[in-house]
Amino acid sequence: MARKSSVERAIEATGGFKTAQKNIVVQYDNRDRKTEDILQEIRQDVLSKGFKEADFSKIDVYIKPQENKVFYVVNGELSGSINF
């Protein structure tokens, strides 16, 4: 097995892109939505449909601001939408 370079070790020790704090905002037609707020609304919507917190394994999100909708699919089986 090859040894890691000093750059790879330094990135692991200090963080890098993977561990960097991120702030993603979707802007459309003078409206702003943070992705973390969208994900929280999806979580609440899914839990209101009887899903348990431990049941989440994959969430696909499709943001369509021109339709004022955010569509989601949880675990490939439960789909729904919330308002953008």
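The values are calculated or read from the model by the stated rules, or taken from the named source; none is laboratory data. Treat the numbers as computed from the prediction; the structure is a model and nothing was measured. Methodologically, a virtual Cβ is constructed for each residue, glycine included, from the backbone with ideal geometry; neighbour enumeration extends over all protein chains shown. To get the accessible areas, we keep the full protein, side chains included, count just its heavy atoms, and leave off ligands, DNA and RNA. Shrake-Rupley method; radii C 1.70, N 1.55, O 1.52, S 1.80 Å.
Considering only protein heavy atoms and a probe of 1.4 Å, how much of the accessible area of the chain is carbon and sulfur, as a whole percent?
On the way: 3270 of 6570 Å².
So the carbon and sulfur contribution to the accessible surface is 50 percent.
Determine the gain in length on full extension of the stretch Arg43-Glu12; use 0.36 nm per residue of separation and subtract their C-alpha separation, reporting nm with one decimal.
Working: separation 31, 0.36 × 31 = 11.16 nm, distance 3.07 nm.
Using 0.36 nm per residue and subtracting the Cα-Cα distance, I get 8.1 nm.
Considering the values (1) 49; (2) 13; (3) 24, which represents percent of Cα pairs over 21 Å apart as calculated for the structure under consideration?
(1)
Test of understanding: what is the full-extension gain from Asn23 to Lys64, defined as 0.36 nm times their sequence separation minus their Cα-Cα distance?
On the way: separation 41, 0.36 × 41 = 14.76 nm, distance 1.91 nm.
Contour length minus the Cα-Cα distance gives 12.8 nm.
For the chain, please report how many Lys pairs fall under 22 Å Cα to Cα, leaving out neighbours fewer than 8 apart on the same chain.
Taking the chain as the scope, the lysine pair count is 12.
Using the heavy atoms of the protein chains and a 1.4 angstrom probe, tell me the accessible area per residue for the chain in square angstrom. Could the numbers behind the result be given before it?
Values: 6570 Å² over 84 residues.
Value returned for the chain: 78 Å² of accessible area per residue.
Could you rank the peptides 42-55, 22-35, 67-80 by their average count of other C-beta atoms within 10 Å per residue, with the highest value first?
On the way: 42-55: 12.4, 22-35: 10.6, 67-80: 14.5.
Peptide ranking by packing, descending: 67-80, 42-55, 22-35.
With each label point set 7 Å from Cα along the Cα-Cβ vector, what nm distance links Glu53 and Val73?
Distance between label points: 2.7 nm.
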